[in-house]
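The values are calculated or read from the model by the stated rules, or taken from the named source; none is laboratory data. Please read these numbers as outputs of a predicted model, since none were measured by experiment. Backbone-built Cβ (ideal geometry, glycine too); neighbour counts: all protein chains shown. Quick note on the areas: whole protein, heavy atoms, side chains included, nothing else; ligands and nucleic acids left out. Shrake-Rupley method; radii C 1.70, N 1.55, O 1.52, S 1.80 Å.
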Amino acid sequence: MQQETTHRSVHLLPQRGDTRPVARTSLPGSPLAASAARRFVRAALADWTRLGTVTTRGTDRLADDAVLVVSELATNAVVHAGTGVEVLARLDPATDDDPAALVIEVSDHHPARAVRSDGPEPESTAPGEPEHGRGLHLVGTLAAAWGITYRQGLKTVWARLPLDGFDGAVPAPGGATARQRGVPAAEILAPSPRRSVRDDREWVGRGALSFLAEASDLLAGQLDEDMVAALAGQLLVPRLADWCAVWLDGESGPEPRPARVWHADESAVDHLREVLAGAPPRLPDEPRGTAVPVRVAWPPTGAGSAVAFRLTVGARPLGTLLLGREAPPGVPDEAIALLEDFARRVGLAIGAARQYTRQATISRVLQRGLLPAQVASIPGVDSSLVYEPSDEGLAGGDFYDIFPAGSGGRWCFMLGDVQGSGPEAAVVTGLARPWLRLLAREGYQVAGVLDRLNGLLLDDALEAAEAAALMAAGPAVAGAAGTGSGVAHEGPQARFLSLLYGELTPLPEGGVRCTLACAGHPLPLLLRPDGTVRPAAASQLLLGVVEDVAYESQTFELKPGDTLLCVTDGVTERRSGPRMFDDADGLAQALAGCTGLTAGGVADRIRQAVHTFAEAPPDDDLALLVLQAR
């Protein structure tokens with residue numbers, strides 16, 4: 001289905017036999033896409049003017065307007081949609097309803113991502129406040145009409161610019177009435193010619209805010225410091241410099257390492273890297289972030305100049321940014337303030353990326369301790385496990401385990417989900433899984449294990465609440481409480497836990513005896529070889545909610561060919577709009593379609609069904625365990 005939102009009813013899709021002059025190209029989703037789109041549109045208009053398709057009257061003004069429009073639309077697509085873009089320019093003849101027009105279309109491949117329509121910023125912006133481009137307000141001002149067209153997997157923003165001196169299609173060489181200009185991305189993204197000093201000053205005066213807004217959006221979305229360094233180079237070269245290099249300081253004292261060397265001429269990168277090998281230029285500690293002229297043995301002619309900036313966040317140094325020009329008179333004074341602001345933004349982005357990396361590393365180490373490095377292999381049973389935390393690498397609330405329970409040939413398995421996520425859930429996970437192992441190896445049966453775990457969770461939560469209340473209230477409140485003042489104080493919430501826990505005992509004739517209990521957890525499903533599916537347990541109360549609960553277990557045989565599916569609520573409550581994956585027994589229906597598959601095949605089929613149920617990625621931890629008797 002095609003959905004179209006417009007500010008005016010205008011048909012934009014070329015029909016079969018359409019003879020209107022058209023130029024189109026594809027551009028990668030890089031910071032250089034906007035400038036490439038500008039050059040592409042100018043080239044298309046120059047071709048049509050040379051061919052006589054459009055007269056020279058008003059062409060310069062039309063080109064200026066078209067360049068502004070395509071620049072805003074391409075920036076919007078790359079920055080906010082985050083995909084490559086398709087750019088189209090087309091000449092439409094006059095009709096009874098509309099005058100002749102130049103149509104600009106920019107398409108991205110993220111239809112679900114809204115189009116940003118930020119307006120112009122005030123003349124003065126407080127430090128640290130976000131800055132945005134002119135956006136669709138500028139497009140609406142220049143265009144006679146504009147709108148957004150949604151197609152399958154594609155979103156197109158278009159604009160019609162009034163056109164003078166165009167009477168219709170003029171046959172191109174070879175008899176073709178529609179000239180298709182397929183310009184490769186490599187040609188479009190080639191560095192522009194060296195700017196003059198006047199060009200520099202004019203660009204800094206008119207394009208500084210747009211440049212900084214684009215830089216801020218691109219840098220802020222990066223979680224890797226090396227990617228930040230790479231983007232800094234692409235943003236600076238060739239806009240403001242012929243070449244640049246970035247060194248990053250080590251976290252704990254190692255020598256600075258060269259993270260990125262960039263040159264407008266790719267063939268010169270290796271030579272430049274050799275010249276800049278070693279430590280970065282030595283810069284004074286104060287003042288931080290200001291431009292410092294330095295001497296660098298580049299270019300080989302010795303005619304260039306270079307300036308360096310210390311990259312910092314707060315008072316902590318993070319690295320060095322060095323940039324240069326190969327022809328005098330060097331970086332103009334008008335650009336220095338802009339570069340200093342840019343260097344500060346690079347420093348902030350590197351600091352944020354390092355903070356994220358540290359947190360992710362700590363969480364990965366924590367998660368390795370919370371979850372088993374590998375699960376045991378049960379005799380007579382094939383098993384398959386899928387575990388996907390909602391935040392990749394971050395500790396979540398789902399946990400699992402398969403382990404032998406001492407002598408007697410008993411094997412235990414568990415699949416649990418702690419209330420909440422992140423560090424708070426990780427604390428409970430770090431307690432629950434070892435407790436379950438200990439209780440099982442002490443000889444407690446399935447129901448007894450849940451009874452005792454429930455008591456342990458409640459006791460620990462009560463002690464934590466009392467300790468937190470005393471620490472927060474102080475001796476005065478503690479004394480008042482002892483006098484019966486009736487003052488109540490909140491402590492941490494009780495830590496709820498849903499759990500599916502069971503034991504497997506291999507049978508001499510094949511298959512296993514399964515005893516399990518379900519405490520507030522999605523019910524396990526049993527798939528028979530004939531395709532029938534039924535719940536394998538009864539639902540009971542969450543753990544850690546009420547004291548003195550007597551949990552019960554169910555026992556049945558898992559015969560050869562039978563499959564037991566255990567999942568967390570990240571599977572059953574996966575949402576697509578108002579619907580959930582398990583509505584109308586959706587999980588049971590998906591499992592019934594897995595008849596005849598291996599344990600690994602069942603796990604992969606269910607995982608794929610969960611992911612394809614909605615377009616958005618899962619927003620909760622996802623875990624599923626498949627046990628298949630053989």
Review point. Out of 513, 495, which single residue is at pLDDT 85 or above, of a type in the set (D, E, K, R) and not in a helix (DSSP H, G or I)?
Key: 513
Review point. Can you pull out the residues in segment 129-175 that are of a type in the set (Gly, Ala, Ser), over 19 Å from residue 85 (Cα atoms), open to solvent by less than 30 Å² (accessible area, probe 1.4 Å) and modelled with pLDDT under 75?
Key: 165, 168, 172
Point to revise | Test set (1) surrounded by fewer than 19 Cβ atoms within 10 Å (Cβ to Cβ); (2) out of contact with any helix residue (DSSP H, G or I) (no Cβ under 8 Å at 6 or more places or on another chain); (3) of a type outside the set (A, V, I, L, M) - residue 326 fails condition number | key: (1)
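Does residue 371 satisfy being closer than 30 Å to residue 302 by Cα, within 29 Å of the chain's Cα centre (by Cα) and of a type outside the set (Lys, Arg)?
Details: closer than 30 Å to residue 302 by Cα: no; within 29 Å of the chain's Cα centre (by Cα): yes; of a type outside the set (Lys, Arg): yes.
So residue 371 does not fit the description; no.
This table checks each residue for (1) under 20 Å from residue 227 (Cα atoms); (2) open to solvent by 20 Å² or more (accessible area, probe 1.4 Å).
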position: 240; (1), (2): yes, no
position: 248; (1), (2): yes, no
position: 257; (1), (2): yes, yes
position: 260; (1), (2): yes, yes
position: 265; (1), (2): no, yes
position: 269; (1), (2): yes, yes
Review point. Does residue 279 count as open to solvent by 60 Å² or more (accessible area, probe 1.4 Å), at pLDDT 80 or above, more than 23 Å from residue 213 (Cα to Cα) and out of contact with any helix residue (DSSP H, G or I) (no Cβ under 6 Å at 6 or more places or on another chain)?
Key: yes
Check your understanding: residue 309 is checked against (1) open to solvent by 30 Å² or more (accessible area, probe 1.4 Å); (2) in contact with a Ser or Thr (Cβ under 9 Å, 6 or more places away or on another chain) and fails just one. What number does that condition carry?
Key -> (1)
**Study point:** Checklist (1) part of a loop (DSSP other than H, G, I, E, B); (2) at pLDDT 75 or above applied to residue 216, failing item
**Key:** (1)
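Does any residue of segment 390-407 turn out to be under 28 Å from residue 356 (Cβ atoms), at pLDDT 75 or above and among the polar types (S, T, N, Q)?
yes
When only residues in segment 290-306 that are among the aliphatic types (A, V, I, L, M) and closer than 19 Å to residue 246 by Cβ count, which is surrounded by the fewest Cβ atoms within 10 Å (Cβ to Cβ)? Break it down stepwise before answering.
Of the residues in segment 290-306, the ones among the aliphatic types (A, V, I, L, M) are 291-292, 294, 296-297, 303, 306.
Among the residues that remain, those that are also closer than 19 Å to residue 246 by Cβ are: 291-292, 294, 296-297, 306.
Working: 291: 19, 292: 16, 294: 16, 296: 19, 297: 10, 306: 25.
So, considering only residues that are among the aliphatic types (A, V, I, L, M) and closer than 19 Å to residue 246 by Cβ, the one surrounded by the fewest Cβ atoms within 10 Å (Cβ to Cβ) is 297.
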Check your understanding: Identify, please: which residue in segment 46-103 is small (Gly, Ala, Ser) and either open to solvent by 40 Å² or more (accessible area, probe 1.4 Å) or assigned to a loop (DSSP other than H, G, I, E, B) (or both) and is, among those, modelled with the lowest pLDDT?
Key -> 58
Exercise for review: Could you please give the count of residues in segment 301-311 that are modelled with pLDDT under 85 and farther than 14 Å from residue 331 by Cα?
Suggested key: 2
